[in-house]
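J.: Structure below; questions to follow.
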Amino acid sequence: MSLEKAVRVLAIEMEKLRDALDGFRLVVEDKPKRGEVALVDRFGYAASDMLDWMGEAQEPLRMARQSVSQAPVDCHLLHRALSECQERFGRIHRMLSCDLEAGEIEELMEFGKNRRGSGSDGQRECVIL
């Protein structure tokens with residue numbers, strides 16, 4: 001695989017991750033209007049942080065794409081840009097694998113299932129997880 005194609009694939013995968021994190025964030029918007037749901041808040045704040053880190057990765061990702069689009073490839077710029085992307089991704093990975101526990105994720109999924117019900121217009125509400 002060429003460097004240019006690899007960076008293009010990276011950009012596509014980063015966009016997929018951003019979309020998934022945005023869906024994850026939507027859980028907070030569907031929390032009950034009355035009462036506190038600490039677990040949902042915790043995940044909502046985590047999703048917000050992860051989306052911020054994804055936003056911070058956009059400029060380095062643009063730089064990486066730029067570095068491989070010119071001949072000769074600017075290896076210094078590419079290395080710096082990919083390092084910055086990796087640092088942001090590393091934060092997200094640590095958040096998902098260390099800070100948010102698997103049991104909490106299962107509990108949040110159960111919360112989402114239990115929240116499904118009738119909306120005010122008689123239609124079923126859907127919680128995006």
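The values are calculated or read from the model by the stated rules, or taken from the named source; none is laboratory data. None of these values were measured; they are calculated from a predicted model. Cβ sites come from the backbone with ideal geometry, for glycine too, and all protein chains shown count toward neighbours.
J.: Could you tell me whether any residue of the stretch 73-86 is at pLDDT 75 or above and in a loop (DSSP other than H, G, I, E, B)?
T.: Among the residues of the stretch 73-86, at least one is at pLDDT 75 or above and in a loop (DSSP other than H, G, I, E, B), which makes the answer yes.
J.: I've got another one for you. I'd like to verify a number: residues in the stretch 12-39 that are hydrophobic (A, V, I, L, M, F, W, C) and modelled with pLDDT of 70 or more, how many? Don't jump to the end; show me each part of the working.
T.: Of the stretch 12-39, the ones hydrophobic (A, V, I, L, M, F, W, C) are 12, 14, 17, 20-21, 24, 26-28, 37-39.
Next, only the ones that are modelled with pLDDT of 70 or more stay: 12, 14, 17, 20-21, 24, 26.
The total comes to 7.
J.: Is there any pair with a first residue in the stretch 72-101 that is more than 25 Å from residue 43 (Cα to Cα) and without any contact (Cβ under 8 Å) to a residue 60 or more places away in the chain and a second that is charged (D, E, K, R) and part of a loop (DSSP other than H, G, I, E, B) whose Cβ atoms are under 7 Å apart and which are 6 or more apart or on different chains, and what are they?
T.: No pair meets every condition.
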